[in-house]
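The values are calculated or read from the model by the stated rules, or taken from the named source; none is laboratory data. Remember, it's a predicted structure, so these values are computed and weren't measured experimentally. Every residue, glycine as well, gets a Cβ built from its backbone with ideal geometry; the counts of neighbours run over all protein chains shown. Heads up: the accessible areas ignore ligands, DNA and RNA and are worked out on the full protein's heavy atoms, side chains in. Shrake-Rupley method; radii C 1.70, N 1.55, O 1.52, S 1.80 Å.
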Amino acid sequence: AMDKNVWAKANADSAGLSNYYNTHKSKYNWAPGISALVITSTSEATANEVIDSLKANAANWRSWVGNYGNAVIADSNRFENNQLPITQKIDNKKGYISKPEKNNTDGSYTFIYVTAVHDKTETRVFEDARGMVTNDYQQVLEQKWIDELKKKYPVKVNEAVWATVK
């Protein structure tokens, strides 16, 4: 019932999501942070090779990172300062490359390359806020559905029986 009346309904209602976002746009902000290339490699030696490649040709990282096959995974993204995928302190300046950090779960090494710095709070565009908007819109749909159910099926307490329960 929740899927039919709330979850799937919210995901399918692109106009409703868009309208909800536009009405509540000020609620969806990026905190200060960075845009960064996050690179994970199977070994520290490979991570250091990739760092050397970044220093030589960061602009075309997509073209040469594929040469490493499954040994290197790279993705770019924006992060708020408290959401970085590594634990070490980051220097918030464009071009900064962190040291490779070992992931204890699988033994891989992750580091970041800062591509942009975002010093101010900024409104998220709809696509960046979509998950949060969908969650909030689902809560609105759920509350409407509950209100409709309460009207259709009002709760009636048998006071005589209730008195015996107390």
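Quick notes
- Nearby lysines by direct alpha-carbon distance to Lys102 (threshold 17 angstrom, same-chain neighbours under 8 apart not counted): Lys89
- Note on Lys55: lysines with a C-alpha under 17 Å away, same-chain residues under 8 apart excluded, are Lys93, Lys94, Lys99.
- Candidate values (1) 64; (2) 57; (3) 50, label of the one derived for percent of Cα pairs over 21 Å apart: (1)
- Ordering of 29-42, 10-23 by packing is 29-42, 10-23, highest average first (other Cβ atoms within 10 Å, averaged per residue).
- Region 11-50 - convex hull of alpha carbons, volume per residue in Å³: 133
- Between region 113-153 and region 10-46, the Cα center-to-center distance that results, in Å: 11
- Violating pairs (Cα-Cα greater than 23 angstrom) within the set Lys27/Lys120; Lys27/Lys144; Lys9/Lys156: Lys9/Lys156
- Cα-based Rg of region 75-143 normalised by 2.2 N^0.38 Å, two decimals: 1.47
- Carbon and sulfur %, accessible surface of region 1-134 computed with the full protein complex present, 1.4 Å: 47
- Rolling a 1.4 Å probe across the protein heavy atoms gives region 50-161 an accessible surface of 69 Å² per residue.
- Scoring 146-154, 49-57 by mean Cβ neighbours within 10 Å over their residues and listing the highest first yields 49-57, 146-154.
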